[in-house]
Structures are given as structure tokens and as C-alpha cells.
1. Only one of these conditions is not met by residue 245: (1) of a type in the set (A, V, I, L, M); (2) part of a loop (DSSP other than H, G, I, E, B); (3) more than 25 Å from residue 150 (Cβ to Cβ). Which number is it?
2. Might you let me know whether the range 213-221 holds any residue that is assigned to a helix (DSSP H, G or I), surrounded by fewer than 19 Cβ atoms within 10 Å (Cβ to Cβ) and not aliphatic (A, V, I, L, M)?
3. Of the conditions (1) under 30 Å from residue 48 (Cα atoms); (2) part of a loop (DSSP other than H, G, I, E, B), residue 178 fails just one. Which one is it?
4. Restricting the range 165-184 to residues that are within 18 Å of residue 123 (Cβ to Cβ) and among the small types (Gly, Ala, Ser), which is surrounded by the most Cβ atoms within 10 Å (Cβ to Cβ)?
5. Which residue out of 43, 84 is more than 25 Å from residue 178 (Cα to Cα) and over 18 Å from the mean Cα position of the chain (by Cα)?
6. Counting residues that are at pLDDT below 95 and surrounded by fewer than 13 Cβ atoms within 10 Å (Cβ to Cβ), which helices (runs of 4 or more DSSP H) fully inside the range 1-119 reach at least 2?
Amino acid sequence: MLETVETLIAKLIDEVDYPPAAHLFQKLSGGKRLRARLILTIAPESAQAPLLGAIVELIHAASLLHDDVIDEAQLRRGVPSVNATEGSKTAIMLGDILYSKAFSELTSFDPRIARSVAESVTRLSVGEMMDVGMAERFNSDRELYLKMLYLKTATLIEACAYSAAILAGKDEEAYAIYGKNLGLAFQIVDDILDITADEATLGKPSLNDFSEGKATLPYIDLYNNLDENEKTRLIANHAKVLDDAEKGWIRSKMDAFGTIEQSYSYARALCDEAIGAIGDDAALRAIIETVIKRSY
């Protein structure tokens, strides 16, 4: 079924009828297609599921293009980003094309689905704006960070699960809980891997989030365990390129307080709650386990 999604993505891009955009899109890495896989898993019998999967993957790709411009990221999944090779203007315009095409295709769906996905993109944009604002100083507010995480990452995954449940005639509210928690857990594991994975696996420097000004969940959990002098040292390193000594100090403190385990346990609890909302569905449990156990 994922092959059908890929075919439909190519078809939607062709329908834009602008070869330079199609050429640039072909350079983008498809990634894990988590959102499309989720839709296909919840609504495997729906004839509309592959198209919905293609639409949300276009939306996700557009959000990443814009995200790279905002972060001035030079790499995306280990390869040069579009803004690095073609410039920020081109990256933004390509993202706008993908958003616009996705929204035009959404009009053929049940209004509840169209509204859910469209509103999730509004929330995603608010989350991105929050993320930029929060990077201006070290944020130690766990609940504020989790709110931003929901808006920026989990809301689209929540909308995918909710919409797929409508297609399948299932309890859309229960599946929305599954999607929300899956999205939150996915990003928290991302936060952890930025610290624990090697640079070759990440395709970028380790602890890069912190250097970019992002105080992700492990840093917040660490901060709340440090004494005042250590808190001052951590904040002093925020939004700076870290040398090996400071990276080593941060990792040693995380080891001492079990910070990674604390953040991971929270992600695990979210996954357990997600499964509890929908019942022990083997296929959806497998998606959860893939997310929580992944190493990249």
C-alpha cells in the first residue's frame, strides 16, 4: 500500500505542472512515511486512505522545508537541505506549492477530515512560532515545552489517526489520542537521539538541538535536577557551539541523574496510554514499538 502512496505523491507533483518544482521534490528524502503508514494501518480497506496518506506526506514535506529555512539547517537526513543548495526563497516557495496542492486535494474528503488536517497545519505553524520564540532563552518549563511539541509535531499525526478512523468507521476520538501520544513520543525519542546517537547516524553534530537554542525535554529534566551553579553553567552553554569538554559535562550529568531514562520513561508512558485508548491492536502496537525503539 505504501507503493500506492508513493505513486500518488508523484502524480500530485506532476499535476502541479512545473518541472523545476518536480525536479527539486525528487531530491527530498521520503523519510519513514510514518503518517501515511498510520493512515493505511488504521483504514486498510478504505479506497481513500492512500490519497490521504499522500496528502499528509506532502504537508509534512512542506513543513520540513519551512523548518529548515527557519533553523538555517544545512542538512536534512544527512544530505544538503534545499535551502542550502537552492536558497531559502526557493525552499519556501516549494513548501508553499506542496501545502497548496495538498489543501486543494483535501476538498474531496469528508469535511471533518478536511477540517481536522487543515486545522492541524494551523496548529503546526503556531508550534513553529512558539519554538522560535522559546529558543531565544533557556526554557525550563516542562509543560510549555510539551505544549509546543504537541502543536509542532504531534498535531498532524493526531489528525492522521483521527481522519483514518473516520474513513474506517472507528472511534475517531480514541484514535486521536493514539495519534497525539504517538507524535509526542516520536519527538521525545528524537530529542533523546540528538544526545545519544553518533554524528554519522544523525547526519549532523550531536547535541545540535541545544546548540540551536532548543532546550528539549532531556535538558529540561536535567536542569530541574542540577544545583544552582550547575544550572548557571547549563544555561551559559545554551545556543552555543559546544566543545567536547562541555558535551562531556552535559552527558555526565545526564548519566548521573538518569535524565535520558527519565525522558524515555515518559515517552514509554505516552505509548502505553496510546495503546490503552484503542485496545491491543497488533499492527498499531508495532508502529509504537518501532517509534520507541528506533535508533535514528
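1. (2)
2. No; the residues of the range 213-221 include none that is assigned to a helix (DSSP H, G or I), surrounded by fewer than 19 Cβ atoms within 10 Å (Cβ to Cβ) and not aliphatic (A, V, I, L, M).
3. Failed condition: (2).
4. Step by step, filter the range 165-184, then rank; the result is 179.
5. 84
6. Where helices (runs of 4 or more DSSP H) fall fully within the range 1-119 and carry at least 2 residues being at pLDDT below 95 and surrounded by fewer than 13 Cβ atoms within 10 Å (Cβ to Cβ), they are 19-26.
Matching residues to (1) at pLDDT 95 or above; (2) surrounded by 15 or more Cβ atoms within 10 Å (Cβ to Cβ); (3) farther than 23 Å from residue 199 by Cβ:
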| position | (1), (2), (3) |
| --- | --- |
| 243 | no, no, no |
| 251 | yes, yes, no |
| 258 | yes, no, yes |
| 269 | yes, no, yes |
| 280 | no, no, yes |
| 284 | yes, yes, yes |
| 296 | no, no, no |
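The values are calculated or read from the model by the stated rules, or taken from the named source; none is laboratory data. For clarity, every value in this text was computed on a predicted model and none was experimentally measured. Neighbour counts are summed over all protein chains in view; Cβ atoms, including those assigned to glycine, are modelled from backbone coordinates with ideal geometry.
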